[in-house]
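The values are calculated or read from the model by the stated rules, or taken from the named source; none is laboratory data. Fair warning: this is a prediction, and the values are worked out from it, not measured in the lab. Cβ placement follows ideal geometry from the backbone for every residue including glycine, while neighbour counts extend to all protein chains displayed. Quick note on the areas: whole protein, heavy atoms, side chains included, nothing else; ligands and nucleic acids left out. Shrake-Rupley method; radii C 1.70, N 1.55, O 1.52, S 1.80 Å.
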Amino acid sequence: MKKTMNIFLSLLLVLSLGLTAACAETTDSSADDIKNRKLTEEELAVATHVIENFVALSEIPRPSHHEEKASAFFVGWAKELGLEPVQDKVLNVIFDVPATEGFEDYPRVGLQGHMDMVCVGDSPDYDPEKDPVRVVVDYENATMTADGTSLGADDGIGCAIIMSMVQGLAPHGPLRVIITVDEEDGMTGIMNIDPAAVADLKYLINVDSEVSDSVTVSTAGGVEIDISSLGDFGKAPEGDLTVTVTVSGRAGGHSGVDINKGRLNAIYVLESVLDALTKEGVAYEIASLEGGTASNAIPSKAAATLVITSEDLDKAVSVAKEQETAWKKSAGEADPNPEIAVTAADEKPEKVVTDELAEKTHALLEGLVNGVYTMSEEIEGLVESSSNTGVLRLTPEGLTVSCYERSSNSEKTQEILAIDRKVIEENGLNAEYLPSGDAWPYNPDSVLLPLTEKVYRDQNGSDIKVEALHATLECGTFAVMNPSLDMVSIGPDLENVHSTDEMLYLRTIPKTFNLLAGILAGITEAEAGTANGR
């Protein structure tokens, strides 16, 4: 009787939180109103709990490949709760959580997120390996941002929601928490995880999606291409004036989620400026080119240090203004504020890039696939395959370019790789091809999907969108490890991730937490219903 009463009260708690959200939503006239309205007292309690965890995590620098402190944070946090975390050789953290009283007979469910983030900052002094994220919580407008950097809500907020669940903010059955490293730049965390982590699981919920009224059930696989070439340490410049060409004001964003939104790639905007200078008769020598921060982030800024002749300065400035006007017109509302400037620099470089390496760089950028490659024929509006040139570094010492190719179609993956491989080899460049995530196929027999749809409908009074995503989630590799694993991915509303304009809508934190709580509370009944053919 005690067990039955605990389950009843737990379900009542979850349902009441959901109904509060649903009633509030029905009074609003648009999605934006729903996102931005002030939180109810119940929502605020849940949001505050999760935000406290998020702020604590944000104090720890955690760029991809540098998660030592974040991994130690999760190990220490779990031990403080009396749990027994395992930290593997690549610093993934895994631990089991006992069930809430009355939920002991529920099936064990995996909860998964990643600890690393894409670090982007406005200030040249920002050091992502040392500096914390300064979180700005605006309760008046119900938003959360960061001061001068990316927020890291991808996937810090997913980890924080999981932390609140582990801390007992809502009842649950037995859990297995899996927090991985390096999801953003190589997937080495999930690719090196022990398959035993999911071998005994039937269900897993990934908390790494970015739209609160959607559930993700399928994703694309990815391949990172790292291109390089050593220089011959340059040559002495012939021009007499050093200038800096800067491209800024770009929206940037996620190379999967935002690739079809018309946002400009700052590397290619910079390349167009260089091409325009040549066409206008401005001879230049390259001291350096630099753009982008990660292969899977659309570059929001890029810069070139050039050596020209003094008499060409006015023409170069004029070309930059013409290019700025043209790109503003081309991008329109999708990316409305491109800024392109040419300014004189104080110091002349001792060396510039050789003509041969410069020509190889131009040819490479011209030949690489960049942007949307194909759209899905089955799902309207879904990008099937794409590639993003996310990082460019060129100095007299050499060239480095990083791209990220995505596709849910293996044939299109091979097409893109063949195009890129050809231009790389034709220019005598080196390349490393790094698979960084497996495709996650749709599961027509899922128990979690119809349960998620029901819980969302009960809590919000509307239907959740079921979506495939043109991005790479770790679910794909979990599916390879355990083909029978039933998975969904959920998360709160994020905008402009991987950029300094990243924003999270506070209203959708409790919305996502309540959805997760409802799924965990209803999973036994859903499982029984499937077994009975209902």
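Annotations for the structure displayed:
- Number of the exception - A526 against (1) open to solvent by less than 10 Å² (accessible area, probe 1.4 Å); (2) outside any loop (DSSP other than H, G, I, E, B): (1)
- Scan segment 159-173 for residues that are over 12 Å from P510 (Cα atoms) and not β-branched (V, I, T) and the total you get is 7.
- Hits in segment 411-446 (condition: over 30 Å from E525 (Cβ atoms), free of Cβ contacts under 8 Å to residues at least 60 places away in the same chain and open to solvent by 10 Å² or more (accessible area, probe 1.4 Å)): E411, K412, Q414, E415, A418, I419, R421, K422, E425
- Odd one out for T219 among (1) open to solvent by 10 Å² or more (accessible area, probe 1.4 Å); (2) at pLDDT below 95: (1)
- Given (1) of a type outside the set (K, R); (2) closer than 26 Å to L506 by Cβ; (3) open to solvent by less than 30 Å² (accessible area, probe 1.4 Å), index of the condition V75 fails: (2)
- Picking from residues in segment 120-139 that are modelled with pLDDT of 95 or more and among the hydrophobic types (A, V, I, L, M, F, W, C), the one that is most open to solvent (accessible area, probe 1.4 Å) is V136.
- Residue satisfying all of: in segment 235-270; of a type in the set (K, R) and farther than 26 Å from S310 by Cβ; most open to solvent (accessible area, probe 1.4 Å) among these: K261
- Count of segment 276-289 residues which are under 23 Å from K328 (Cβ atoms) and either part of a loop (DSSP other than H, G, I, E, B) or touching a residue at least 40 places away in the same chain (Cβ under 8 Å) (or both): 5
- Selection within segment 363-418 - in contact with a Phe, Trp or Tyr (Cβ under 7 Å, 6 or more places away or on another chain) and part of a loop (DSSP other than H, G, I, E, B): N370, P396, E397
- Residue ID - farthest from D335 (Cα to Cα), chosen from residues in segment 295-313 that are assigned to a loop (DSSP other than H, G, I, E, B) and open to solvent by 10 Å² or more (accessible area, probe 1.4 Å): T309
- Annotation: V257 fulfils all but one of (1) part of a strand (DSSP E or B); (2) aliphatic (A, V, I, L, M); (3) modelled with pLDDT under 95; the unmet one is (1).
- Residues of segment 168-195 that are outside any loop (DSSP other than H, G, I, E, B), touching a helix residue (DSSP H, G or I) at 6+ places or on another chain (Cβ under 9 Å) and not charged (D, E, K, R): L175, V177, I178, I179, T180, I190, M191.
- Screening G398, G381 for residues that are within 29 Å of the chain's Cα centre (by Cα), open to solvent by 30 Å² or more (accessible area, probe 1.4 Å) and within 27 Å of A418 (Cα to Cα) leaves exactly one candidate, G381.
- Residues in segment 498-523 that are within 20 Å of the chain's Cα centre (by Cα) and charged (D, E, K, R) were compared, and the one that is surrounded by the most Cβ atoms within 10 Å (Cβ to Cβ) is E502.
- Against the test of being within 30 Å of I490 (Cβ to Cβ) and in contact with a Lys or Arg (Cβ under 7 Å, 6 or more places away or on another chain), the options I259, I298 yield a single qualifying residue, I298.
- Residue in segment 223-230 that is part of a loop (DSSP other than H, G, I, E, B) and crowded, with 21+ Cβ neighbours inside 10 Å present: no
- Pick from segment 452-477, criterion in a helix (DSSP H, G or I) and hydrophobic (A, V, I, L, M, F, W, C), ranking: least open to solvent (accessible area, probe 1.4 Å): C475
- Only one of E405, E415, E474 that is farther than 13 Å from S218 by Cβ, of a type in the set (D, E) and more than 24 Å from the chain's Cα centre (by Cα): E415
- Failed item, numbered, when V372 is tested on (1) at pLDDT below 95; (2) under 33 Å from the mean Cα position of the chain (by Cα); (3) open to solvent by 20 Å² or more (accessible area, probe 1.4 Å); (4) not polar (S, T, N, Q): (1)
- Any hit, segment 482-497, residues being buried (at least 23 other Cβ atoms within 10 Å of the Cβ), under 28 Å from E43 (Cα atoms) and at pLDDT below 95: yes
- First in segment 141-166 and free of Cβ contacts under 8 Å to residues at least 24 places away in the same chain, second anywhere and in a loop (DSSP other than H, G, I, E, B) and of a type in the set (K, R), Cβ under 9 Å, 6 or more apart: D147/R134
- Of the residues making up segment 518-533, none is in contact with a strand residue (DSSP E or B) (Cβ under 6 Å, 6 or more places away or on another chain) and modelled with pLDDT under 95.
- Unmet criterion (only one of (1) open to solvent by 20 Å² or more (accessible area, probe 1.4 Å); (2) in a helix (DSSP H, G or I)) for L449: (1)
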